[in-house]
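The values are calculated or read from the model by the stated rules, or taken from the named source; none is laboratory data. For clarity, every value in this text was computed on a predicted model and none was experimentally measured. Here the Cβ positions follow ideal geometry from the backbone for every residue, glycine too, while neighbour counts run over all protein chains shown. Only protein heavy atoms, including side chains, enter the accessible area calculation; ligands, DNA and RNA are left aside. Shrake-Rupley method; radii C 1.70, N 1.55, O 1.52, S 1.80 Å.
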Amino acid sequence: AEAVDFINEAAGQGRPFFLYFNPTVPHPSRSVEASLKDFPCTHTPGGVLTDDPVIPGMTAEYGGNCTAYRQSVLERVDPQSSSIDEDLGAIWVDDAVGALLTVLRNNSQLNNTIFVFQIDHAIETKAMLYENGIRIAQFVHYPDMFAPGTTFDGPVTNLDLARSLLDLAGIVPSYEMDGESWLPALTNATEGEMWGMRCLHFEMDMDRAARCGCNKFVAITPDYIGHITNPTLSGTQDDSENKGFPTDDEMYFYLCDSNGDYITDRENNPEGSNLLGNESSIESSIESRSMQSVVECHLRRTNPTSIPDYSTDCTYIRLEQKPAVTTPSPPVDMLPTLDRPYAIVDTNQLLLFNNLREKPAGTSTFAGQDGDFVRNAPQYLDNDDGTITDLVTGLMWTKSMGGRVTWQEGVQGAHSCTIGGYTDWRAPSTNELYSLMDFNGLDPDPEQTDTDGLVPFINSSVFEFGYGSGDWRVIDVQLVSSTVYVDLVMGGSEAFFGTNPADGRIKGYPTQTDKTDPTASYFARYVRGNVDYGTNDLQVEGDVVKDLATGLMWTRNDTGVVGLDWEAALEYCQQLDLAGFTDWQLPDAKELQSIVDYGRHLPALDPKFIATPIMNEANQTDFGYYWTSTTHLTSTNDNNPASAAVYIAFGRAMGKVDGSWIDVHGAGAQRSDPKKGDPSTGAVHQDYPDGRGPQGDAVRIFNKVRCTRTCTDCDYPAGPTHPASTVNVADGGTTHPASTTNPAPTTTPSPDSISSTVNPTPATTSPPEFTPFAKDMRLNIEECKETRGWPIIMDLIDDGTACTGGLGHLMDQKFKVWACFVNNPCLSALGEPSPDWVCYAYNEDESVQDSDRWVPWGLNSNLKLLD
């Protein structure tokens, strides 16, 4: 009656209204039949009424006589029913809902009112995180927008209700809210499809669960919830066995049938058995670990001891599970044929490891890591004249690394170097230097002084090497390169990418230093020959990218939004079935580093590849760290020397300095992360909120993955491409061979002369090529404004209809990212000739309105970084 009066009053005054109505039908623990027979209508939860309430469709039909109405309810139930009390309750609730609809209709408000009906909890497994304990009925009546019979199969949660109601009412929240509005999904088919893999999170007592599409993970009082104080409380586990459910601490379920349809058959309960660890089940352990990472991610961002994190997206991207494929290790070829300009030297890591130490013999886990494969084993020739020839790359090196120099002295010193009688020495590129890295090394404690037992990341029986001593730390053995970072590090310093054979890393080091400064002085090792080393020759073919220069094939896409720990990354590539190939592997450190494009920034990657943006520790749009299969061994933990693995940063290499997160080592750096654990709660080694190491390196653990394989049809058109056998010689008369294995070709065709075999489908169209574009050619057509959010753009990137990249400091600082689209609404407004692509720059300035963030920028091949 009070609800009826409220609606009448609001409608009579022409005011909008919101009503939360909770029917007073007794809870099943009390008898509905007894309530109808034994209690007068004037007795209510809020007190005793003076008169019987007059309610349209209920007591009003009996002249306000409540007793007569209640008798009608008793008469409408089937006396033969086995559930009379439940039936009486359903009739009573149905009459109450009908009364509200009647009063809305009488006030001409029925079609203009959003009417939501839902129950407060499930029945069969109440207080448990199984599907029939968390799924509830929900109906929406809103004739002005939704036709009768409209259904939506996407997963929704009660947290979505407030956002959806505000959206339907045209109200924009003034603060961050949980949940999502389901209005776009109901009115736009594309948006609706995006909800299919949406992740929902559930909790009951100390239990946690996540469901992403068909996948579900349940964790009973998980020990990775750092703030749990009562690990014995679990409503889900208490009564599980009695109701036919498993009782494991961690459980993985697949909720759909073979067609991907959600199972609703009571006799076919998908949660009847735990699939976790069952490799022969419908999903593999890689999917269960991905689902576990979703739960862990959600717990980190909602930890009550910290500020809620609304920026982290824990969305799960389903990894296709394929039958395990056993790929035999290729035979070790000690003298590989030098038939490519960019042959990747093996890392020389031959041992196999688990997450902590050397892997026990005979175990099948952690397959596909660096030590399982040997390609281009290192092979050096000491020329007995102060030079070393690398028989894999065709590069010749100075054996010594000289004394300490500044970066400028190191680069310029190559011009006056005459070691071995040669005068064409040069400062090596980062790619050339990295070819010498040997991952049998041990990463030392930077502050230790005793070097006994240490092993450098270079073959010290071939090349001269010494650790830092005296005023210098043991790791201060950074080598000069000619590769300069296209952005700045440490808050504003120009940097070059040098390698460090003492600790096995690539970092951006300052170019402006004093060689007497213990914190910033370097060594120089010079190179000559094979000027094409480090230059890729990339071709896009559908979902893969071939590199003719290295002979490797790559997945064009990475693993998307959700990161994987090291073990899951290995297995993802092992199980991948893409483009008709099943022999994919997680690349080793040198293989992955070979596709770093040091001429680009955010990402440091050729745009023929597709990289998924992230939000970094400084809340900047950025690009991720990518796992390699190479373990980064340490000397600082005798019990767990293999607890870290190498990654390449294709975005900023973040670190925390003086309390602020900044780019400390540059996009293109190579560092390492713990193979497993939680970066925010310190589950491995130490607390990581402030990073680790001297520059507070950001620890992520759940990194991205791009897989590779040996390309059997990636013949390099030029054949063998090694340095000419005759060079400038300082002694004026002797000819020195750079390599004794393969002669140089007389000519090397330019990339433009190489015929392309790329035939992309519309779903994998190649990104636009970059040619000059003037500032005054910016588009100013109204239809070309772009207002899409990043989640939508990520889906477009995944299906090949969009590409994106970073602008770095080459534009006004407020513009950080570009995105290009095909099939854009702007195209029809541009007239003939119709362009293939429309490109935008994204404005990250917080003061800019969302509708103005996307600045029209260029068409087709007319895209160029603006000066």
Between beta-carbons, use under 11 Å as the cut-off and find the net charge around N354, counting Lys and Arg +1, Asp and Glu -1. +2
Give the long-range amide H neighbours of Y526: residues separated by 5 or more places, or on another chain, with amide H under 5 Å away, using H modelled in the peptide plane at 1.01 Å from N. T398
With the other protein chains left in place, how much accessible area per residue, in square angstrom, belongs to segment 364-507 at a 1.4 angstrom probe? 35
In segment 372-445, what percent of the accessible surface is made up of carbon and sulfur (1.4 Å probe, ligands and nucleic acids excluded)? 50
Give the peptides 33-43, 389-399, 82-92 in descending order of average Cβ contacts within 10 Å, highest first. 389-399, 82-92, 33-43
In the calculated pair distance distribution of segment 510-625, what percentage of Cα-Cα distances lie above 23 Å? 46
Would you kindly find the accessible area of M204, with a 1.4 Å probe and non-protein molecules such as ligands, DNA and RNA excluded, rounding to the nearest 10 Å²? 60
With a sphere of radius 10 Å drawn around the Cβ of T612, what net charge do the other residues whose Cβ falls strictly inside it have (Lys, Arg +1; Asp, Glu -1)? -1
Please tell me which of these pairs span more than 30 angstrom C-alpha to C-alpha: K546/K656; K507/K676; K243/K675; K507/K546; K216/K608; K216/K676? K546/K656; K243/K675; K216/K608
Once phi for every residue in segment 393-410 is put through the Karplus expression 6.51 cos²θ - 1.76 cosθ + 1.60 (θ = phi - 60°), the whole-Hz ³J(HN,Hα) values, with Gly and Pro written as x, are 9, x, 8, 10, 10, 6, 5, 8, 10, x, x, 6, 9, 7, 5, 4, 5, x
Can you run phi through the Karplus equation (6.51, -1.76, 1.60; θ = phi - 60°) for segment 671-679 and list ³J(HN,Hα) in whole Hz, with x for Gly and Pro? 9, 8, 10, x, 6, 8, x, 10, x
Can you tell which of S429, F465, G504 lies farthest toward the positive end of the dipole of segment 421-529, using +1 and -1 charges on the Cβ of basic and acidic side chains (Lys, Arg; Asp, Glu)? S429
dims of segment 450-560, Cα set, principal axes, largest to smallest, nearest Å -> 55, 39, 33
Along the principal axes of its C-alpha atoms, what lengths does segment 1-128 span, in descending order and rounded to whole Å? 46, 41, 28
Using θ = phi - 60° and Karplus 6.51 cos²θ - 1.76 cosθ + 1.60, couplings along segment 419-435 (whole Hz; Gly, Pro as x): 4, x, x, 9, 10, 10, 5, 9, 5, x, 6, 4, 4, 5, 4, 5, 5
Dipole-positive endmost among N132, Y142, A96 within segment 9-165 (Cβ charges, Cα centre): Y142
For the peptides 648-657, 115-124, 2-11, 618-627, what is the packing order when you average, over each peptide's residues, the other Cβ atoms within 10 Å and list the highest mean first? 648-657, 618-627, 2-11, 115-124
Please give the peptides 60-71, 161-172 ranked by average Cβ packing (other Cβ atoms within 10 Å per residue), highest first, as a rough proxy for protection. 60-71, 161-172
Considering amide H positions built from the backbone, and no H for Pro or chain starts, which residues 5 or more places from E786, or on another chain, come under 5 Å of its amide H? W854
Would you pull out the residues with amide H under 5 Å of T511's amide H, same chain only if 5 or more places away, H placed 1.01 Å from N? E494, A495, F496
Over all pairs of different Cα atoms in segment 550-596, the reciprocal of the mean inverse distance gives a Kirkwood radius in Å of 11.7
